[in-house]
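Just below is one structure, and these are the notes that go with it.
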């Protein structure tokens, strides 16, 4: 009789850990911190850029450390995924609400925001495919532009 309760406890702990790993809940919980998300997005881009630089540096060594190369590639890709997760699960599904087409000003703002987010997603994907640092520069510019429109600054 004691074992099922113990097993249930383990399952609840694992389920809670999985829920914490995501970018944000989809209940919706109503607890949002937009400015933190912008900070995190910039941090992910900085990490992607550093990873690209480290990959370039390690690749040019006389005897490259393949283990470190793999770790930096995995790190770069993981942060591109985390960036994409914030863009999709936080902004596109929870914060940006579809707007009626008859409200021309709000609809234009909606289309601009969704377009900027989509462009960031494509660039995040591109960072996983190459070591082109220009993608990081472009993502930063898009984050800045999106933040101005989104927060109205």
- Everything considered on the Cα gyration tensor (a ≥ b ≥ c; rounded for a/c under 1.5, else prolate if a/b is larger than b/c, else oblate), region 90-153 must be described as prolate
- Message: For a quick check: sort 136, 29 by the number of other beta carbons within 10 angstrom, fewest at the front.
- Response: 29, 136
- First check a/c for region 39-148, with a ≥ b ≥ c the square roots of the eigenvalues of its C-alpha gyration tensor; if it is under 1.5, answer rounded, and if not, answer prolate when a/b is larger than b/c or oblate otherwise. prolate
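Read-outs: derived from the displayed coordinates by stated rules, not from any lab. Here the structure is a predicted model, which means the values were calculated and not measured. So basically every Cβ, Gly included, is an ideal-geometry build from the backbone, and we count neighbours across all protein chains shown.
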